[in-house]
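Novice: One structure coming up, written as C-alpha cells, with questions to follow.
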Amino acid sequence: MSDFIQSYQELEVYRLAFRCSTKIFQLSRQFPVEERILLTRQSLTASRSVCSSIAEAWGKRRYHKAFVAKLSDAQAEAAEMQTWVQFAVDCGYLTPEVGQELFGQYRTIFAALERLMDNAAAWLKPME
C-alpha cells in the first residue's frame with residue numbers, strides 16, 4: 001500500500017481535506033465582519049490543521065505512536081470542523097445544502113483517517 005504513495009499530497013484524504021479547506025476559505029469570506037474573530041478564524045484554523053496534521057503524520061512515519069497521534073489530531077480537527085459548519089448553517093452563513101456537503105466531506109475525512117490509524121503499520125517507514 002505505502003509503496004505506491006511517495007508523499008502525503010498523494011493521499012486521497014489529504015486531497016479532500018485540502019479541497020475542503022480551500023472551500024471553507026472561499027465561503028468564509030462572505031461571513032459577517034462580527035464573525036471574523038471567532039467563526040472565520042476558527043474555521044480556517046481547524047480546516048488547515050486537518051491538512052497540516054496529515055502532513056506532520058507523514059513525516060513521523062518512522063514512529064508508530066507519533067504517526068497515529070498526528071492522525072488523531074487531524075481527526076479531532078475534522079470533527080471540530082463539523083461543529084463550525086453546523087454553527088455557520090444555524091447562523092444562516094451557509095445554506096443547509098452547502099453545510100450538509102461539507103459536513104459529509106468531513107465525515108469522510110474522519111473515517112479515512114480512522115482507516116489509516118487502524119492500518120498504521122502498513123504505512124510506517126522502515127528504520128534504516
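The values are calculated or read from the model by the stated rules, or taken from the named source; none is laboratory data. The structure displayed is predicted, hence computed values, not measured ones. Every residue, glycine as well, gets a Cβ built from its backbone with ideal geometry; the counts of neighbours run over all protein chains shown. Each accessible area value is taken on the protein alone, full model and side chains, heavy atoms only, with ligands, DNA and RNA left out. Shrake-Rupley method; radii C 1.70, N 1.55, O 1.52, S 1.80 Å.
Novice: Can we say ASP73 is at pLDDT 95 or above, surrounded by fewer than 20 Cβ atoms within 10 Å (Cβ to Cβ) and either within 17 Å of the chain's Cα centre (by Cα) or closer than 13 Å to CYS20 by Cα (or both)? Working first, answer last.
Specialist: Numbers: at pLDDT 95 or above: yes; surrounded by fewer than 20 Cβ atoms within 10 Å (Cβ to Cβ): yes; either within 17 Å of the chain's Cα centre (by Cα) or closer than 13 Å to CYS20 by Cα (or both): yes.
Considered against the rule, which asks whether it is at pLDDT 95 or above, surrounded by fewer than 20 Cβ atoms within 10 Å (Cβ to Cβ) and either within 17 Å of the chain's Cα centre (by Cα) or closer than 13 Å to CYS20 by Cα (or both), ASP73 comes out as yes.
Novice: Is it true that GLN30 is modelled with pLDDT of 95 or more and of a type in the set (S, T, N, Q)?
Specialist: Values: modelled with pLDDT of 95 or more: no; of a type in the set (S, T, N, Q): yes.
So GLN30 does not fit the description; no.
Novice: Across the stretch 77-102, which residue is nearest to the chain's Cα centre (by Cα) among those that are buried (at least 16 other Cβ atoms within 10 Å of the Cβ), farther than 19 Å from SER53 by Cα and not aliphatic (A, V, I, L, M)?
Specialist: Result: GLY99.
Novice: On to the next question. Condition check: assigned to a loop (DSSP other than H, G, I, E, B), in contact with a helix residue (DSSP H, G or I) (Cβ under 7 Å, 6 or more places away or on another chain) and more than 26 Å from PRO126 (Cα to Cα). Does PHE25 satisfy that? Can you show your working first?
Specialist: Values: assigned to a loop (DSSP other than H, G, I, E, B): no; in contact with a helix residue (DSSP H, G or I) (Cβ under 7 Å, 6 or more places away or on another chain): yes; more than 26 Å from PRO126 (Cα to Cα): yes.
So PHE25 fails the test.
Novice: Now for a separate question. Only residues in the stretch 100-118 that are of a type in the set (D, E, K, R) count as the first member; pair them with residues that are surrounded by 13 or more Cβ atoms within 10 Å (Cβ to Cβ), Cβ under 9 angstrom, at least 6 apart or cross-chain, and list the lot.
Specialist: Short answer, once both residue conditions are applied: GLU101/LYS23; ARG107/ALA78; ARG107/GLN82; GLU114/LEU71; GLU114/GLN75; ARG115/VAL13.
Novice: For GLU77, which of the numbered conditions (1) over 21 Å from ALA112 (Cβ atoms); (2) touching a Ser or Thr at 6+ places or on another chain (Cβ under 7 Å) fails to hold?
Specialist: (1)
Novice: PHE110 passes all but one of (1) open to solvent by 60 Å² or more (accessible area, probe 1.4 Å); (2) modelled with pLDDT of 95 or more; (3) among the hydrophobic types (A, V, I, L, M, F, W, C); (4) within 21 Å of GLN26 (Cα to Cα); which number fails?
Specialist: The single condition PHE110 does not satisfy is (4).
Novice: So the check is Cβ under 6 Å with 6+ separation or different chains; which pairs have a first residue in the stretch 6-34 that's closer than 20 Å to LEU113 by Cβ and open to solvent by less than 60 Å² (accessible area, probe 1.4 Å) and a second one that's among the aromatic types (Phe, Trp, Tyr) and outside any helix (DSSP H, G or I)?
Specialist: Qualifying pairs under 6 Å: none.
Novice: Among the helices (runs of 4 or more DSSP H) lying completely within the stretch 50-127, list those that include at least 2 residues that are acidic (Asp, Glu) and more than 23 Å from GLU10 (Cβ to Cβ).
Specialist: Result: 64-90, 96-118.
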